[in-house]
Amino acid sequence: MFPAHSFSGSELPGSLGKDNELCKLIKNMIKLTGKIECQDDDDSWGTGFVQKIRFKLGKCPCLICKGEVSEKKFAILTVSTVVHILDDSPDREDAFHVVSQKIEEVGMTVHYKQERFIQLYGSKLLETDKDLGIERDWCCLEFVTHKLREVKKLNTILTKYQELQGKVYQRYKDGSENLVVVVGYPSPKPNPNPKQISIGKITREYEPLKEIRDGQRWGRYYYDAETDHGCSGAPILILGQPISGFGYWFGHPHNHCVGVQPDGNDRYSSIGVEYDVGNGA
């Protein structure tokens, strides 16, 4: 792992570092990645990724504005992460209720530049995986902020990220390149460069867990890109992956879930949804 702000593209293997669009995609991915923290627990933090941004005029739902009757402009940011950074119980059946009860205690900081950041306030647990037959750890949170000027800049970054997703996928969908990139917050607060990036490879064949509909499937990836405690919920770029969540085809993305195992097995992602392009989707 190395400081994310120093990524230049030269760290990528082979000729990938010369692919300007791939490098820009990763740089935008870094800017859209933030640190999630629970206010009542100094040891509870993880990583989230901004997937969607909306601007609204109305009664702001954040804890600061709660109870106010006046309308104001605010932004809602949809963030993908994993449940266990907010509820580490092994039983996920009650996760929606548990996380919903504490969401207002959750904050997120997005450094879209090394020296510039946006503070977000937890508002709503939007969605979790609910299928009883598979591990349910992925979730989607909504955060709000009044920093509209800064969020507009972040929205420009998100729009470009979505555009580059499709272009990069088309270039590498044949699976000729094995590349995994993870951006997360593994380090405790004193670290001056807490946002880190790690680069690795897929180490096991994609694990399909359930077929859904119209060629869609749920499954997970295994990889050797370095991670640590706070990387839970980190976004993962898997070159040639046939879906990357919001902004591309319908579905939800894979976020980093579990680090290196006690038995030495590699890290793996949360359950994600993608199309089985082998079936002509």
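Of the listed requirements (1) assigned to a helix (DSSP H, G or I); (2) open to solvent by 20 Å² or more (accessible area, probe 1.4 Å), P194 misses just one: (1).
Conditions (1) acidic (D, E); (2) open to solvent by 20 Å² or more (accessible area, probe 1.4 Å); (3) more than 19 Å from V50 (Cα to Cα), marked per residue:
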| site | (1), (2), (3) |
| --- | --- |
| H97 | no, yes, yes |
| K102 | no, yes, yes |
| G107 | no, no, no |
| L126 | no, yes, no |
| D137 | yes, no, no |
| L148 | no, yes, no |
| Q165 | no, no, no |
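Looking across the stretch 228-280, the residues that are at pLDDT 85 or above, part of a strand (DSSP E or B) and either more than 13 Å from the chain's Cα centre (by Cα) or not hydrophobic (A, V, I, L, M, F, W, C) (or both) come down to P235, N255, H256, R267, Y268, S269. Restricting attention to the stretch 150-163, the residues being open to solvent by less than 40 Å² (accessible area, probe 1.4 Å) and either modelled with pLDDT under 90 or of a type in the set (V, I, T) (or both) number 2. Among the residues of the stretch 203-214, is there at least one that is part of a strand (DSSP E or B) and either at pLDDT 90 or above or acidic (D, E) (or both)? There is at least one residue in the stretch 203-214 that is part of a strand (DSSP E or B) and either at pLDDT 90 or above or acidic (D, E) (or both).
So, in the stretch 11-40, exactly how many residues are open to solvent by 10 Å² or more (accessible area, probe 1.4 Å), of a type in the set (S, T, N, Q), modelled with pLDDT of 95 or more and touching a helix residue (DSSP H, G or I) at 6+ places or on another chain (Cβ under 9 Å)? Residues flagged as open to solvent by 10 Å² or more (accessible area, probe 1.4 Å), of a type in the set (S, T, N, Q), modelled with pLDDT of 95 or more and touching a helix residue (DSSP H, G or I) at 6+ places or on another chain (Cβ under 9 Å) within the stretch 11-40 amount to 1. The one condition from (1) outside any strand (DSSP E or B); (2) over 21 Å from the mean Cα position of the chain (by Cα) that N28 does not meet is (2). Each residue in the stretch 1-25 was checked for being in a helix (DSSP H, G or I) and in contact with a Ser or Thr (Cβ under 7 Å, 6 or more places away or on another chain), and 1 pass. Among the residues making up the stretch 75-98, those that are assigned to a helix (DSSP H, G or I) and either touching a helix residue (DSSP H, G or I) at 6+ places or on another chain (Cβ under 6 Å) or at pLDDT 85 or above (or both) are V83, H84, I85, A95.
Within the span defined as the stretch 125-143, every residue fails to be of a type in the set (S, T, N, Q) and either over 25 Å from K210 (Cα atoms) or in contact with a Gly (Cβ under 7 Å, 6 or more places away or on another chain) (or both).
The values are calculated or read from the model by the stated rules, or taken from the named source; none is laboratory data. Just so it is clear, the model here is predicted, and its values are computed rather than measured. Heads up, the Cβs are rebuilt from the backbone with ideal geometry, glycines too, and the neighbour counts pull from every protein chain shown. Ligands, DNA and RNA are excluded from the accessible area calculation, which covers all protein heavy atoms including side chains. Shrake-Rupley method; radii C 1.70, N 1.55, O 1.52, S 1.80 Å.
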